[in-house]
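Q: Could you have a look at this structure, given as structure tokens, before my questions?
The values are calculated or read from the model by the stated rules, or taken from the named source; none is laboratory data. It should be emphasised that the depicted structure is a prediction, and the values quoted were computed from it without experimental measurement. Every residue, glycine as well, gets a Cβ built from its backbone with ideal geometry; the counts of neighbours run over all protein chains shown. These accessible areas exclude ligands, DNA and RNA; they are computed on the full protein's heavy atoms, side chains included. Shrake-Rupley method; radii C 1.70, N 1.55, O 1.52, S 1.80 Å.
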Amino acid sequence: MRRVDFWICTGGKGAGISSDEDLTFNANTCPVMATQDEIKNEEENLSSDLREWSKQHVKYWVCNVVGLDLKFANLLYDQDINGSSLALLEKCDLIDLGVTLGPAKVLIHFRDAQLERSIGLLPVSQTVSHCKPYPFYRYHDSHRYVENTILDVIESGPSDFIEPCHEYKGFNNTPDEYKMTKFTDEVVRFAAACMNSRTNGTIHFGIGDMPEFTHGQVLGIYVADKEAYENALKHAINGHFEHKHVGAVTLCIKPTRFVGVLNKDTTSSEKCVIEVDIVPESTICETDMYHTYSLDSRKTKKKAKGKEPDQGEKQLKQLFVRDGGSSRNLLAPTTSAKPMVDYNTFENKLTQLVQLRKQAEDKQLKSVRSSVQGSKLSQMITGGSQSLDKSHFEHYVVVANKSHSIQLESLRFVIELNPVAVLDFDPESERDGLQKYIGARSAVNIHLPVEYKITEAVEDIASKLQLTRNTSWVFCNGRVDGEVPSDIDTWLMDKGASVRDVISFLCRKDMLPNKRYLVVFLLLSTVGEHSDPLLETFSIFRQELKGIEQILCICENENAFTCWKDLIKARYGIDISGRCIYQLSFAEIDGTILSLLSENRKACRFLPCGGGSKVLLEKKVEGSLSALDVLCVNQCEGGNGDMATIEENFYKGGKVSWWNFFFSEQPGCTPFIKRDKFDFIVNTVIPDLCSWRKVCASFNLQHVTGCGGTTLAKHILWNLKNDFRCAVLKDHHSDMAETAVQVVKLLTFGYNELPPQIPVLLMIDGFVDTDMVSDLQQCIEQQCVKAKIQSTSPKVIILNCMRLESEEQTETTVEDVFIGNKLSDNEQRLFEQKLVEIEKTYKNAETFYGFMIMKKNFLPEYIQSVARNTLKGFNISQKNAQLIAVLVLLDVYCKGASLSVSLCEDFLGSQPKPFCRTERIEDVFGKFSTLINSDIVEAEVRYTAVKMIHSSISWHCLQELTTTYKVQRSEIANLLLNTDTFFECTQGKRKLTEAVHDMLVKRRHTNNDEDSQFSPLIQDIKKESTGFEEIVLNNAAKRFEKDAFLRQVLARYYLKDNNFKEAKVWASEAKCILRDNSYIADTTAQVIKRELKNAIYTDKEVPIKSEKLNVLLKMAVSATDAFNVAQDLAKKESLNRLQKRTDNCHFNSSACIGEVQVAVIVIEILGKTPIFSSGNVHHDIMSRVLSREITIQQVETNDPKRNKHTPYYVVLRGFEEFLYSLRIRMKKQFNFLENFFVNLRSSSGERGRHELVALEEVFKCFKRYSDLFCRTDSKDLLRNKTMNIMLQVHQARQFLDMRKVDTHSGVLNCLSIGTSSEIMEKIARQCKFVLEKATTVSVREKINYIYVNVVLNCTKPGSQLCVAYKTLVDNLCKVLRGQIPLEDHLALHFITVCLLWPHVSSFSPAETKRLEFYISQMIISYHAVMQEVCNGKWPVVHFYLGKKQGYGQLIHHAAILSCIKEPEQICSLFKNGKIWKDKEVEALLCRVTGEVQGSVILAETCISDLKIKVHPMYRNQLSGIAYGSKVSFFLGFSMKGPLAIDIES
């Protein structure tokens, strides 16, 4: 097509011609060059700043500076290439113009050099940024301008008719009253010029020009009324154009567009750029010429009726054409001899113009090429799998810049990608951008980059960020309401480092799996600057990922892509085209990606609401339940799960998934195997739990590892998914408080403040003991209280799937269901039937070891043969053999342990590819692949891991390795510990470290103390190869340099062999690492105590030498001091836990017992000295010295052998204070421990193994104490009438001390341990004797006597030794009126509340009126006395309010227990509350009425004006009960105050 040029004018705008250049017009050769004189002047006028050059300057520079031929200079001149456009040229542009390759490269080289000099002339703050114009003839593009950037197009004339010409108007200095006129006049002139020239065009208002501004500088203007501009333009069209053309002009002048202008930091401003596009389509304009009138024709007609217009207002007819960067009027007045030549020439060539326009339109239509980028996107976003459900990428990271509201509805795919993180560079995203849109539809956690700085363990940071659980939304350029955003020029200095921290954190090998995540750059706005933050972000990702294979760039259009590609090419020298999608709109991109989802993922998910109704589970709500795997009523429906792969994985030994149950219900499939306990749990256990009177109930499904316990639990959930809101706790390490919040959210969702209709059935797995389950229950109950949920029946039922170490079958109860490794006949029959179906479907059924082991009924011979055949030819020097050996060892000694896929790949040297990943991790294990499977591990960061298929397989494999291949446990353990790869930065590092730590440290507690000294692995290594356990432990200490507990194990190890030197070294190292840990401090003390004990037993010499005595007493002092330090730490720990309210670990009482044990050893040491060695007299002397009754000086004075014993007395005097306080210290610890054990209980109500062992040790020590300090016979005491009264009192007190009834806790304990009534009567006599005969009686002795009477009456009602009830109460009141020591407040106020509680028809002394005060004082005293030890414990209810009067109003706990016919159900009956419905119990207890007052009950009494506040036993029992409601309850008395039990509305 022949090119036609029109009237190019580079000077002024409007109708006139620039005076800057002598431009002439020739109809045949338009345009005509400037004169030679002007060109010669270019050399002098050539600016140092390339961007200021005109096209004449460019032409001169090409010829005279670069030295190229004139033809190349003319090519640039003909295309209006000035300095600004020269700066933007690429080599390909020059080649397209016709410049050959050699000259093009030379020209680009010189241009870049000149450009660098140009940029160097300006300070950094003045460097300009370029931008693209808003896409032509579009109104819903996201494009916006940034203030003070420069449009990279110049004002121009026609080129190819389709490419729009541009004209800029600053519009900033125009007065407001003239703005509308200026706007319409300029648009009319520009539109007429474009229509006549048949070229597309855009006129911009708010874009500056020289000399006041840089050419094309974005200024922006404030527009108050956008509609006014459109109306004014419509009016101007009607007035300035001929009436016959108004319709066509209206079609060609497109609606006014207001393009937003952003501030430099990309925040929104109130400015905009006004643009009007002109599209003179050939079918509309045809051959018409569009004349305009200088004045509004309608106005002039009105004036013409009145008078002749002034000469200055004369109506002028005009014909505008585009002439370079301005519009030229061909009918403008001229002094030329031939004024109409140009007009006539234009008129003659109009037909040709029309034809050329039509040809250009046709060419444009043909140039629309078909795109294959949809399939390319599908391939790249999934790594080649063409399915998001089966994507080879486990995670996605999204990087996004400024979005536009019109884009948001086309970005739904971001939700479905479920990105692990979004790096958002739009500071306004939270207000009206991408974050607001996604955050309203999906659960996201908002972060700032500073939160990713590594200041602690990376796993802890990941846990706080909830990485991989919910999308982490990182604001990388500030937030509107938070961190101040930065502009492009300052971002790198202000925020670049912190964003680098984010990217480095995400790309760590222990965070996201190597090569298995994709970084998606979502270019929502055009990136046009070298300093754009997204470019720097791209660079960081490229460095971290070592290439661009894991990067996908999605651009909104080709312009955005071109800018992005060119910037990356210029800066990094790489071509990003192959990793970009740019030919699809976001609507197409959205649809393409969403189409990759399975029907199941697209489907809505529903929760049951009761009565057959359902509620939609919104994605955002489900996302917020990140700790739970929620099972919906329509789970898996409509899905396309890969049945063969899923079933095969399960039968081989993988975890059961919901898909397995779904597939088994499909037509033609055998139902999922029902274990025998299934019906019992579904039909008996759970209905029984639903009758409990507490908000959260639980039961234990106890199972041997590998016997199908977890599968059974999930099967129960699947079966009950329509009747319960079912969920599985993903990770048992999850924060319990947060888990409770999510469980209650699941419970209440969709009820809109109405009471929940159906409970939550929560399955938990992996909890090591029932105390952890109790802790979770407490958290859920507390959360239910906050949510005001009533607990007339359980709202949450916990199914605790608990692994057992022992294979011995335990008795099945409602609360404990046992499933072992022996199938019943019925179960075996079902497995046989299932095998028939499996063999029909799968050819490799013989490798389905998980299924076959159970089908063979766990036959050892079968499992052994599998292990032997698979390990045949095992060679420990091979990498895959080493890895399988490590997995075997881990699984045997730490059930369920695994190795992350990333770690296995690193160890085996197998590097995955980020696309088309077809090789499975199992394949790289070679012949051992049938022994393993992969699965998702829920941890701080979710990851895929490899584990053994079955625990019994692991055990037999280990046996095979050790016997057949002589690979010892110690060898595998050392391989694991000495191989750096296992402990380097990789996924699952913390889990593996914990597993290895447990394997080495965690003891298995049995009845045999020998077995529990060390972990099973260490014990087995010692049996297998004695001495190697020491090597393993030392290697472990080297590997875990900061692990105090491994050093504690080493200290115990050397302590066992009496190697006290090494034991001290390791204990000291442990203490240096964990100075504030009471257990570590206790070990240090235990080492000294054991050394002391050993020193006594190894020294057979009696009496011991004085030198030896000195050494031993020094050691005793050291041990006592060390135990005191440990006690202080234990109390501090307990207080800290109490304040956190999330850690229910019990008080560590070991150091208290340790101090008593040292005291017992000291007594033994003293017994071996000649001073205290033999006879009752010597025994009595020792007792009195250690009781501070006589001094060592007095003993020495009265010793007939004092000269001989002088060395001993010298030594003893050096330890006087330590010895004198020995009995007091022992007694203090006995009282402390008794108070702890008697008044506090565990949540289950049963004593744990540790408590029982501790009590046994306390009993042994107290016996030694009583033998020394309490030697008396009560019979002799009472018969000897001549004995001195004071001595008798002393002996009586000794007797009470010996019976441990000189404290209120000791007296109460008599009921718990079942002290006989005869002993209790003896105690009562001695107490009475002391009160009557002693010259001074302490308040405590008076209080204890009251306790003794109450306990005696419980033991033997009506005993003659019991004081009359009224007398007892009178005595109590006397004590209350006297001075009460602080340490006696708790004991006194407790018994006061018990005895003075106003009962029906009973007498009420004056003190009864102060009962509420006494309760308040008791609670204060309880916290003062018990706060250091009560964490994780519950106050014991010693008495209940009975129906009788007097003593009969107090019913002891033992009386309640006596009503239970089956003792093994005691715990269960108290837990489920059914004990209170027992007829015998109801006959004993008095039901009290009261009124609910928030979290307490105002209990009514027999005194009309006395109402007492009572707390419920479980706070949730009042949840949902309206304020002021009447309730009834049983009353229990604890040291923490009266408690309401079995509350009924």
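Q: When you look at SER1534, is it out of contact with any Cys (no Cβ under 9 Å at 6 or more places or on another chain), of a type in the set (S, T, N, Q), surrounded by 15 or more Cβ atoms within 10 Å (Cβ to Cβ) and under 23 Å from LEU1388 (Cα atoms), yes or no?
A: So SER1534 fits the description; yes.
Q: Condition test on LYS1342, is it among the basic types (Lys, Arg), closer than 19 Å to ILE1451 by Cα and either assigned to a helix (DSSP H, G or I) or without any contact (Cβ under 8 Å) to a residue 40 or more places away in the chain (or both)?
A: Against the criterion (among the basic types (Lys, Arg), closer than 19 Å to ILE1451 by Cα and either assigned to a helix (DSSP H, G or I) or without any contact (Cβ under 8 Å) to a residue 40 or more places away in the chain (or both)), LYS1342 does not qualify.
Q: Do you know which of the residues in segment 548-580 that are open to solvent by 20 Å² or more (accessible area, probe 1.4 Å) and part of a loop (DSSP other than H, G, I, E, B) is farthest from GLU90 (Cα to Cα)?
A: GLU549
Q: Out of the residues in segment 1031-1040 meeting the condition of being open to solvent by 10 Å² or more (accessible area, probe 1.4 Å) and of a type outside the set (S, T, N, Q), tell me which one is farthest from ALA1081 (Cα to Cα).
A: ILE1031
Q: Considering only residues that are at negative phi and assigned to a loop (DSSP other than H, G, I, E, B), look in segment 48-72 and name the one that is surrounded by the most Cβ atoms within 10 Å (Cβ to Cβ).
A: Looking at the filtered set, the residue picked out is TRP53.
Q: List pairs: first residue in segment 1086-1103 and among the polar types (S, T, N, Q), second residue open to solvent by 30 Å² or more (accessible area, probe 1.4 Å) and not in a helix (DSSP H, G or I) anywhere in the structure, Cβ distance under 8 angstrom, at least six positions apart or on different chains.
A: Qualifying pairs under 8 Å: ASN1094/ASN1058.
Q: Another question, then. Of the residues in segment 1228-1244, how many are open to solvent by 20 Å² or more (accessible area, probe 1.4 Å), touching a helix residue (DSSP H, G or I) at 6+ places or on another chain (Cβ under 8 Å) and outside any loop (DSSP other than H, G, I, E, B)?
A: Within segment 1228-1244, the subset open to solvent by 20 Å² or more (accessible area, probe 1.4 Å) is 1228, 1231-1232, 1235, 1241, 1243-1244.
Cutting the leftovers down to touching a helix residue (DSSP H, G or I) at 6+ places or on another chain (Cβ under 8 Å) gives us 1231-1232, 1235, 1243-1244.
In the following step, the residues that additionally are outside any loop (DSSP other than H, G, I, E, B) were identified as 1231-1232, 1235.
Number satisfying all stated conditions: 3.
Q: Which is more than 21 Å from LYS1168 (Cβ to Cβ) and at pLDDT below 90, of CYS1145, CYS1152?
A: None of the other options fit; the residue is CYS1145.
Q: If you don't mind, there's one more thing I want to ask. Consider only pairs whose beta carbons are under 6 Å apart and that are at least six residues apart or on different chains; among these, list those whose first residue lies in segment 609-624 and is of a type in the set (A, V, I, L, M) and whose second residue is assigned to a loop (DSSP other than H, G, I, E, B) and surrounded by fewer than 17 Cβ atoms within 10 Å (Cβ to Cβ).
A: That search, which allows pairs on different chains as well, returns LEU616/CYS604.
Q: Next question, about the same structure. Going by what's in this entry, would VAL484 be described as open to solvent by 50 Å² or more (accessible area, probe 1.4 Å) and modelled with pLDDT under 90?
A: yes
Q: Answer yes or no as to whether GLY668 is open to solvent by 10 Å² or more (accessible area, probe 1.4 Å), outside any helix (DSSP H, G or I), modelled with pLDDT under 90 and at negative phi.
A: Criteria not met by GLY668.
Q: So is LYS721 more than 16 Å from ALA697 (Cβ to Cβ) and open to solvent by 30 Å² or more (accessible area, probe 1.4 Å) or not?
A: Taking the combined requirement at face value, the residue does not satisfy it.
Q: Considering only residues that are surrounded by fewer than 20 Cβ atoms within 10 Å (Cβ to Cβ) and either assigned to a helix (DSSP H, G or I) or more than 30 Å from the chain's Cα centre (by Cα) (or both), which ones fall in segment 1134-1149?
A: Matches in segment 1134-1149: LEU1135, ASN1136, ARG1137, LEU1138, GLN1139, LYS1140.
Q: Okay, moving on. Report the residue count in segment 73-86 for those that are among the hydrophobic types (A, V, I, L, M, F, W, C) and open to solvent by 20 Å² or more (accessible area, probe 1.4 Å).
A: Residues in segment 73-86 being among the hydrophobic types (A, V, I, L, M, F, W, C) and open to solvent by 20 Å² or more (accessible area, probe 1.4 Å): 1 in total.
Q: Here's something else I'd like to know. Does LEU931 qualify as being in contact with a Leu (Cβ under 7 Å, 6 or more places away or on another chain) and either surrounded by fewer than 21 Cβ atoms within 10 Å (Cβ to Cβ) or touching a residue at least 40 places away in the same chain (Cβ under 8 Å) (or both)? Reasoning before the result, please.
A: Working: in contact with a Leu (Cβ under 7 Å, 6 or more places away or on another chain): no; either surrounded by fewer than 21 Cβ atoms within 10 Å (Cβ to Cβ) or touching a residue at least 40 places away in the same chain (Cβ under 8 Å) (or both): yes.
No.
Q: Does LEU1135 satisfy the condition of being at pLDDT below 95 and touching a helix residue (DSSP H, G or I) at 6+ places or on another chain (Cβ under 6 Å)? Don't jump to the end; show me each part of the working.
A: Details: at pLDDT below 95: yes; touching a helix residue (DSSP H, G or I) at 6+ places or on another chain (Cβ under 6 Å): no.
The answer is no for LEU1135.
Per-residue answers, yes or no, for (1) touching a helix residue (DSSP H, G or I) at 6+ places or on another chain (Cβ under 8 Å); (2) buried (at least 20 other Cβ atoms within 10 Å of the Cβ); (3) in contact (Cβ under 8 Å) with a residue 60 or more places away in the chain:
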{"residue": "ILE454", "(1), (2), (3)": "yes, no, no"}
{"residue": "ALA457", "(1), (2), (3)": "yes, no, yes"}
{"residue": "PHE475", "(1), (2), (3)": "yes, yes, no"}
{"residue": "LEU512", "(1), (2), (3)": "yes, yes, yes"}
{"residue": "LEU524", "(1), (2), (3)": "yes, yes, yes"}
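Q: Continuing with this model, one more query. Could you check segment 1366-1405 and list, in sequence order, the residues that are farther than 14 Å from THR1501 by Cβ and either basic (Lys, Arg) or open to solvent by 80 Å² or more (accessible area, probe 1.4 Å) (or both)?
A: Matches in segment 1366-1405: LYS1366, LYS1374, ARG1377, GLN1379, LEU1382, GLU1383.
Q: Going through segment 982-995 one residue at a time, which ones are over 16 Å from HIS732 (Cα atoms), in a helix (DSSP H, G or I) and open to solvent by 40 Å² or more (accessible area, probe 1.4 Å)?
A: Correct list: LYS989 only.
Q: On to the next question. Looking at ILE764, ILE798 in this structure, which one is assigned to a strand (DSSP E or B), at pLDDT 90 or above and more than 21 Å from LYS895 (Cα to Cα)?
A: Answer to the selection: ILE798.
Q: Could you tell me which of the residues ALA627, ALA587 is within 30 Å of GLN757 (Cα to Cα), touching a helix residue (DSSP H, G or I) at 6+ places or on another chain (Cβ under 6 Å) and among the small types (Gly, Ala, Ser)?
A: Details: ALA587 fails: within 30 Å of GLN757 (Cα to Cα).
So the residue among ALA627, ALA587 that is within 30 Å of GLN757 (Cα to Cα), touching a helix residue (DSSP H, G or I) at 6+ places or on another chain (Cβ under 6 Å) and among the small types (Gly, Ala, Ser) is ALA627.
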